[in-house]
Amino acid sequence: METPHPALSPEGRGDGARKQAESRALWERARRVMPGGVYGHQNGAALGHGHPRFLARAERARVWDVDGNEYVDWMCAYGPMILGYGHPAVEAAVAEQLAAGDCLPLPGPRMVELAERLVTLTPRADFVVFGKNGADATSWAVDVARAHTGRPRIARVRGAYHAARPWALPHLPGVPAHHREDLLEFGWNDLAELAGLFAAQPGAIAVVMTTPFDHVTGTAPAPGFFAGLRALCDAHGALFVMDDVRAGFRFHLGGSCEHFGAAPDLICYSKAIANGHPLSAGLAREGLRAAAERVYFTGSFFFASAPFAAALATLEVLASTDAIAHIRRIGSLLADGLADQGITVNAVNPGPVDTGYAPPDVHAAVAAMFPGGRWGEPDDPARLIAWLVTDEARWVTGQVINTEGGFRR
């Protein structure tokens, strides 16, 4: 077996001696009072035996677990921390707003100021609504498209993730069958397959939703893909939604559409918009205002002012510094460092954007090595690292590798 580089192996970083008593004690408590211990995508147990389950604090680019172990967070908390933890300008704006009032019986001025700022920054948008999570924004976009067109069906790229909602995950338990019938899929960069969906479903497709790059492989759009998608939507009376929840403000301050040259009808932001404070935004062109006014979209905390203040400060820092260029430089350092170890990272422009997962052949190879999707034996991390530097695994994405002791599918 090829010996892994010590910088990548758990033994080389002293992981074998890492304390985890508090984390595991919390996990046992959590299992008694929450389904699965921790539900959803932030379940540390799914990442393997050596992965921490709970974090206690964070500062700039680092996080500490409840046992005091320190980590560099290349995942940016799954995307939101574009400026790092505890950025002084953002936190000062939040503190000032909290002192004045946050969750009030009516909205405050920061909401209007942020809406104006986003419309100014985003050339393809004329009005904005706000929610809390990416799923709020993408679900709003689907509702607006359905209200505008009077049609039920959604077309998306095969394997894409847009929301933890029935319309987006129709094959999960408890979801009525009509959601499965209403969701259609086509291949990334495959305009012919999308045209076939329109031909097979005349007058039924309300919206085509995509991300700036392929969710599954991280592949960039082919030349002409977004223009062709726009033309098909126009020809068949459907709307085009760009789900920019993950990548928004990382490629361009005006959104990924400005970077890739896409012209959607609606755009969805979240993640990095407020540097970790809970906020999402749905933006649309003027012609959809009447439909948006008919859609009922609200929530108990949708109008809280502190996240709006955080977003205004975040956008100001991004605009007044070279933050986006710096993101690319740091991403290049990470990619180059992994390349020095023989690991090629698939990136859509270098930068700490969680760009998706490996293709099916890589999934199959790793799954065959580690049934259940996690480490099982003491030498499993070394086996995976050794495999990653082979020709067979020359194409991987950053999210497949988790050198803290596991990997995700």
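Look at region 320-333: where a residue is more than 16 Å from residue 252 (Cβ to Cβ), no partner that is aliphatic (A, V, I, L, M) and crowded, with 17+ Cβ neighbours inside 10 Å sits 6+ places away or on another chain with Cβ atoms under 7 Å. Of the conditions (1) touching a residue at least 24 places away in the same chain (Cβ under 8 Å); (2) under 26 Å from residue 150 (Cβ atoms); (3) among the aliphatic types (A, V, I, L, M), residue 220 fails just one. Which one is it? Only one criterion is unmet by residue 220, namely (2). No other residue among 138, 120 is in contact with a strand residue (DSSP E or B) (Cβ under 6 Å, 6 or more places away or on another chain) and among the polar types (S, T, N, Q) apart from 138. Considering every residue within region 176-184, establish whether at least one is over 22 Å from residue 133 (Cβ atoms) and touching a strand residue (DSSP E or B) at 6+ places or on another chain (Cβ under 6 Å). Among the residues of region 176-184, at least one is over 22 Å from residue 133 (Cβ atoms) and touching a strand residue (DSSP E or B) at 6+ places or on another chain (Cβ under 6 Å), which makes the answer yes. Can you name every residue in region 260-281 that is among the aliphatic types (A, V, I, L, M) and over 13 Å from the mean Cα position of the chain (by Cα)? Selection gives 262, 263, 266, 267, 274, 279, 281. For residue 240, the conditions (1) in contact (Cβ under 8 Å) with a residue 60 or more places away in the chain; (2) of a type in the set (Phe, Trp, Tyr); (3) touching a strand residue (DSSP E or B) at 6+ places or on another chain (Cβ under 6 Å) are fulfilled apart from (1).
Apart from one condition, residue 56 fits all of (1) in the same structural domain as residue 298 (by TED's automatic domain parsing); (2) without any contact (Cβ under 8 Å) to a residue 24 or more places away in the chain; the exception is (1).
Checking the conditions here, which among 249, 297, 303 is within 20 Å of the chain's Cα centre (by Cα) and in the same structural domain as residue 122 (by TED's automatic domain parsing)? Only one candidate passes the filter, namely 249. Before we move on, is residue 49 modelled with pLDDT under 90, of a type outside the set (Gly, Ala, Ser) and part of a helix (DSSP H, G or I)? So residue 49 does not fit the description; no.
For region 78-88, a residue qualifies if it is out of contact with any strand residue (DSSP E or B) (no Cβ under 8 Å at 6 or more places or on another chain) and surrounded by fewer than 17 Cβ atoms within 10 Å (Cβ to Cβ), and the qualifying residues are 78, 88. State whether one or more residues within region 90-109 are more than 18 Å from residue 305 (Cα to Cα), under 23 Å from the mean Cα position of the chain (by Cα) and either β-branched (Val, Ile, Thr) or assigned by TED's automatic domain parsing to the domain that holds residue 328 (or both). No, there is no match, as no residue in region 90-109 is more than 18 Å from residue 305 (Cα to Cα), under 23 Å from the mean Cα position of the chain (by Cα) and either β-branched (Val, Ile, Thr) or assigned by TED's automatic domain parsing to the domain that holds residue 328 (or both).
Quick check on this structure: which one of 220, 313, 292 is within 22 Å of residue 161 (Cβ to Cβ) and in the same structural domain as residue 156 (by TED's automatic domain parsing)? Working first, answer last.
On the way: 313 fails: within 22 Å of residue 161 (Cβ to Cβ); 292 fails: within 22 Å of residue 161 (Cβ to Cβ).
Among 220, 313, 292, only 220 is within 22 Å of residue 161 (Cβ to Cβ) and in the same structural domain as residue 156 (by TED's automatic domain parsing).
Residues in region 279-324 that are in a loop (DSSP other than H, G, I, E, B) and over 20 Å from residue 242 (Cα atoms): 296, 298, 299, 300, 301, 302, 303, 304, 321, 322.
Hey, could you check region 107-153 for residues that are of a type in the set (D, E, K, R) and in contact with a Lys or Arg (Cβ under 8 Å, 6 or more places away or on another chain) and say which is surrounded by the most Cβ atoms within 10 Å (Cβ to Cβ)?
Initially, region 107-153 is screened for residues of a type in the set (D, E, K, R), giving 110, 113, 116-117, 124, 126, 132, 136, 143, 146, 151, 153.
If we keep only those that are in contact with a Lys or Arg (Cβ under 8 Å, 6 or more places away or on another chain) too, we end up with 124, 126.
Values: 124: 18, 126: 13.
Step by step, filter region 107-153, then rank; the result is 124.
Within region 26-42, is there a residue that is modelled with pLDDT under 80, on the phi < 0 side of the Ramachandran plot, among the basic types (Lys, Arg) and touching a Gly at 6+ places or on another chain (Cβ under 8 Å)? Checked region 26-42: no residue is modelled with pLDDT under 80, on the phi < 0 side of the Ramachandran plot, among the basic types (Lys, Arg) and touching a Gly at 6+ places or on another chain (Cβ under 8 Å).
Could you tell me whether region 155-171 includes any residue that is within 24 Å of residue 140 (Cβ to Cβ), among the β-branched types (Val, Ile, Thr) and surrounded by fewer than 17 Cβ atoms within 10 Å (Cβ to Cβ)? Within region 155-171 (the criterion being within 24 Å of residue 140 (Cβ to Cβ), among the β-branched types (Val, Ile, Thr) and surrounded by fewer than 17 Cβ atoms within 10 Å (Cβ to Cβ)), the answer is no, since none of the residues qualifies.
The values are calculated or read from the model by the stated rules, or taken from the named source; none is laboratory data. Fair warning: this is a prediction, and the values are worked out from it, not measured in the lab. Neighbour counts run over all protein chains shown; Cβ positions are idealised from the backbone, glycine included.
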